[in-house]
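First up is the structure itself, then whatever we jot down about it.
The values are calculated or read from the model by the stated rules, or taken from the named source; none is laboratory data. Please read these numbers as outputs of a predicted model, since none were measured by experiment. Reconstructed Cβ throughout: ideal geometry from the backbone, glycine too, with neighbour counts over all protein chains shown. Please note that ligands, DNA and RNA were not included when accessible areas were found on the heavy atoms of the full protein model with its side chains. Shrake-Rupley method; radii C 1.70, N 1.55, O 1.52, S 1.80 Å.
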Amino acid sequence: MEYIEQVLKSVKSSNPNETEFYQAVEEVLSSINQYLEINDKYQKNSIVERLVEPERQVIFRVPWLDDLGNVQVNRGFRIEFSSSLGPFKGGLRFHPSVNQSVVKFLGFEQVLKNALTGLPLGGGKGGADFNPKDKSDHEIMRFCQSYMTELFRHIGANTDVPAGDIGVGAREIGYLFGQYKRITNQFSGVLTGKPESLNGSSLRTEATGYGVAYFLSAMLDAKGDSLTGKRCLVSGAGNVALYLMKKLDEYDAVILSCSDSKGTLYSKNGLDVKLVMHLKSERGAELRDYLNEHKDAEFTPVNQYPSDGHQVWRYEADIVLPCATQNEITKDDAKALVENRCLTVCEGANMPTTPEAMKIFKEHNVYLGPSKAANAGGVATSQFEMAQNASMQKWQSEQVDEKLQQVMKSIFNTISVTAKQYSNEHDLVLGANIAGFERVADAMLKQGVV
Ligand code: NDP
């Protein structure tokens, strides 16, 4: 049996029922298979076997009191995946769907993503199966305090530096930071994505979305094209999607759609991005309310989606930008996109494309910017926040934006050069997987068997 097949078999049997984790590992390992055959030092040193096994996994009880005085219990996670290149680094997700498999897939992807930034960052991820949506502000604060009461012993500015993800924004990071400071008596850079008044970096909130736009711009530039006038389908209407739409609007692209857990908003003439941002920031407002001001738009509720996928991918467009969650482009969504000649995809969400959809994209030469490269602007700006905190400095937003643009361009260059070396320069999935793996694996080799 081939080396990679053996490793995959072992990952499957030692992590039963962890489908998302296995999917992420399989996607990476099958794509770097040939590279591993040429470079047998990795096999000789069992680098792959070590890379797929997290350095440390913490699972803990998070008890908290709701507003009625009832005791509630959630499950908290922190997967410290790899510290080969620096402190563990990666976000926290608060969503009912969070489980060990989801956190491990995100952690594994994060290791390679952080490597691609070229910055000194290891990889990790965490979260809880807590739904912040139907909770009061006080309940969220009490939950965050309880979560940190366990997490604090595992993290530190030079050990493990969490940030936000789905369901965790500046408010949650602020509460987590407050509790960490209270327990440890340290005002340190232990978390990123902090509000600016707590030493957060300017542009951290915008960074992931802006970074996706900068990466997409580099993708098009490499083909002698640009974003001007391009018709874009965006999914999601959270942190990543909103700031991506804002930047695309500045680039004079036309945003046709966005979506949330309730449904899909579409306008063939292009959405009014300012209004969408306003609706999502207003408590109680919904995407559907957009129709009050723009009668020409359409809103499709989730219960009217096609049974085999998502409404947001069923329109004609030039560019596809999934920014909601994992596995949100199904096989039939991919078929519909290809039929509609949507042949450029840039992934804002982590692993948004199912393996079946990925296969269809490959067969039709879809130009695909993988998430571990395209959405790395958030973690890169988190590293800028760590640097500012460690040196007690505050960078202006222009400086952060310039550095963010440089990182995104450099990631694109690194992966397209690598792709060209091993296949063709437009195979950015291959380029990202090899370049990310190579940086982590070489650091592991130099550190001995640890
Ligand atoms: P948010 O919570 O801010 O927004 C997520 C959006 O996606 C919301 O509009 C939400 O709907 C929608 N959504 C989430 N889950 C589902 C689901 N199961 N079905 C339908 N819609 C869903 O999260 P982010 O924008 O921060 O994250 C989006 C993606 O980007 C994730 O994959 C995340 O891992 C990735 N990412 C985020 C980074 C960051 O810096 N924030 C960095 C790198 C990657 P609703 O509004 O109704 O809740």
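For this structure, a couple of remarks:
- Gln421/Asn269 FRET efficiency (R0 41 Å; Cβ-Cβ; nearest 0.05): 0.40
- Cα-centre dipole for segment 231-366 with unit charges at Cβ (Lys and Arg positive, Asp and Glu negative), debye to 20: 120 debye
- Considering only Thr300, Val11, Thr418, and ranking their Cα positions along the charge dipole of the chain that arises from unit charges at the beta-carbon of Lys, Arg, Asp and Glu, the one farthest toward the positive end is Val11.
- Using the rule -39500 (n - 2.57) for each DSSP H run of four or more residues, divided by the residues of the chain, the 222 nm mean residue ellipticity is -14500 deg cm²/dmol.
- Protein-only accessible surface order, largest first, of Glu5, Glu80 at 1.4 Å: Glu5, Glu80
- Label-to-label distance for Glu196 and Val449 is 5.2 nm, based on points extended 7 Å past Cα in the beta-carbon direction.
- Residue among Ser101, Phe130, Val52 farthest towards the positive dipole end of segment 45-142, charges placed on Cβ: Val52
- Violating pairs (Cα-Cα greater than 26 angstrom) within the set Lys133/Lys409; Lys246/Lys268; Lys113/Lys362: Lys133/Lys409
- Counted charge near His278, where neighbours are those whose Cβ lies closer than 11 Å (Asp, Glu -1; Lys, Arg +1): -2
- Here the Gaussian network model covers the chain, with springs between Cα atoms less than 10 Å apart; of Gly69, Gly124, Gly377, Gly69 fluctuates the most.
- Taken about its Cα centre, segment 128-183 carries a charge dipole of roughly 240 debye when the Cβ of each Lys and Arg holds +1 and the Cβ of each Asp and Glu holds -1.
- With DNA, RNA and ligands ignored, accessible area of Glu363 (1.4 Å probe; Å², nearest 10): 120 Å²
- Of the DSSP H helices in the chain, those that are both long (alpha-carbon extent of 18 Å or more along the helix axis) and hydrophobic (Kyte-Doolittle mean at least -1.0) are 19-38, 100-116, 137-151, 170-184, 204-221, 377-390, 397-422, 428-446.
- Note on the chain: with a GNM built from Cα contacts shorter than 10 Å, the maximum mean-square fluctuation among Arg153, Arg78, Arg231 falls on Arg153.
- Taking a sphere under 10 Å around the Cβ of Gly431 and counting the other residues whose Cβ falls inside, with K and R at +1 and D and E at -1, yields a net charge of -1.
- Centroid-to-centroid, using Cα positions, segment 273-312 and segment 57-90 are 32 Å apart.
- Residues Arg439, Arg341, Arg204, sorted by accessible area with the largest first, give Arg341, Arg439, Arg204 [1.4 Å probe; ligands and nucleic acids excluded].
- Dipole magnitude for the chain: about 980 debye, using +1 per Lys or Arg Cβ and -1 per Asp or Glu Cβ, origin at the Cα centre.
- Working from label points 7 Å from Cα in the Cα-to-Cβ sense, the Gln186 to Lys133 distance is 3.6 nm.
- Taking the 1.4 Å solvent-accessible surface of the chain as the whole, the part contributed by carbon and sulfur is 46%.
- Average accessible area per residue (Å²) across segment 339-444 - probe 1.4 Å, nucleic acids and ligands excluded: 41 Å²
- Rounded, prolate or oblate (a/c below 1.5 giving rounded, otherwise prolate when a/b exceeds b/c) for the chain by Cα gyration tensor: rounded
- Separation between Cα centres of segment 121-138 and segment 365-440, rounded to whole Å: 25 Å
- Accessible surface of Met444 - all protein chains present, 1.4 Å probe, nearest 10 Å²: 20 Å²
- Within the straight-line cut-off of under 17 Å between alpha carbons, the lysines reachable from Lys12 are Lys104, sequence neighbours fewer than 8 places apart in one chain being disregarded.
- Nearest-10 value in Å² for the accessible area of Glu328, using the 1.4 Å probe: 10 Å²
- In the full protein context, segment 96-224 carries 33 Å² of accessible surface per residue, based on a 1.4 Å probe and ignoring ligands, DNA and RNA.
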